[in-house]
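**Student:** Take this structure first; my questions come after.
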Amino acid sequence: MEKLTAKEEEVLGFFWKHGPLHVKDIVDMYDDPKPHFNTISTIVRSLEEKGYVGHEQKGKTYIYHSVVAQEDMGKKSLSAVVGRYFKNSYLRVVSSFVEDGNIPVEDLRKLLDEVEKSRNDKNV
């Protein structure tokens, strides 16, 4: 899938938060001054071309919906960040968070315990 612009990510977020929407629904969710209908329509069509959004025809209008789950998108984005900035090393990512104080060592120990328990449960 192609990379998204900031505006495309913003519009995709509306689908994740609210479910299927008409373009007009998205425009209405913005604060004033609202973006032009054609601007949002172009962004939604771009999302569809890139494979993030699909549509169903309802009468003369389309209702659009996300075809990519937010969690899947998060995992993909995280993988890209790890690859780009941490040389594909998740260990470097976790070390960075621990060193910066973003993850207390106690939380890291709990996470390791949960992972080990989960693996043991699957092997039983």
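No lab work stands behind these numbers, since they all come straight from the coordinates. Quick caveat, the model's predicted, so the values are computed rather than measured. In this analysis, Cβ positions are derived from the backbone assuming ideal geometry, glycine residues included, and neighbour counts consider all displayed protein chains.
**Student:** DSSP loop (so not H, G, I, E, B), at most 13 other Cβ within 10 Å: list which GluC sites (Glu not before Pro) in the stretch 1-98 pass both filters.
**Tutor:** Of the GluC sites (Glu not before Pro), the ones in loops of the stretch 1-98 whose Cβ has at most 13 other Cβ atoms within 10 Å are 2.
**Student:** Still on this structure, please answer the following. Can you tell me the order of 79-89, 17-27 when each peptide is scored by its average per-residue count of other Cβ atoms within 10 angstrom, highest first?
**Tutor:** For the peptides 79-89, 17-27, the packing ranking is 17-27, 79-89.
**Student:** Kirkwood Rh, the stretch 70-123, all Cα pairs: how many Å?
**Tutor:** 12.6
**Student:** From zero up to wherever the largest Cα-Cα distance of the chain sits, split into 10 Å bins and tell me the percent of pairs in each.
**Tutor:** 11, 30, 23, 20, 13, 2
**Student:** For the chain, what relative contact order do you get, as a whole percent, if you take Cα pairs closer than 8 Å and at least 6 residues apart?
**Tutor:** Taking the mean separation of contacting Cα pairs over the length of the chain, I get 19 percent.
**Student:** So between residue 98 and residue 25, what do we pick up on full extension, going 0.36 nm a residue minus the alpha carbon distance?
**Tutor:** 22.1 nm
**Student:** If you line up the long axis of helix 105-123 against the longest principal axis of the chain, both from Cα atoms, how many degrees apart are they, to the nearest 10?
**Tutor:** Long axis of 105-123 versus the principal axis of the chain: about 90 degrees.
**Student:** Let me ask something else. Kindly write out, for the stretch 53-64 in residue order, the coupling ³J(HN,Hα) from the Karplus curve 6.51 cos²θ - 1.76 cosθ + 1.60 (θ = phi - 60°), rounded to whole Hz, with x marking Gly and Pro.
**Tutor:** For the stretch 53-64, the Karplus-derived couplings read 9, x, 8, 10, 8, 10, x, 8, 10, 10, 10, 9 Hz, x marking Gly and Pro.
**Student:** Related question: Within a Cβ distance under 14 Å of residue 73, other residues only, what is the Lys/Arg minus Asp/Glu net charge? Display every interim value, and only then the final one.
**Tutor:** Numbers: positive: 3, 17, 50, 75, 76; negative: 2, 8, 9, 10, 71, 72.
Here the count lands on -1.
**Student:** Here's another thing I want to ask about it. What number comes out for the charge environment of residue 1, summing +1 per Lys or Arg and -1 per Asp or Glu over other residues with Cβ under 9 Å away? Intermediate results must be reported in sequence, preceding the final value.
**Tutor:** Working: positive: 3, 50, 76; negative: 2.
Summing Lys and Arg as +1 and Asp and Glu as -1 gives +2.
**Student:** Express the relative contact order of the stretch 6-66 as a whole percentage, based on alpha carbon pairs under 8 Å and six or more residues apart in sequence.
**Tutor:** 41
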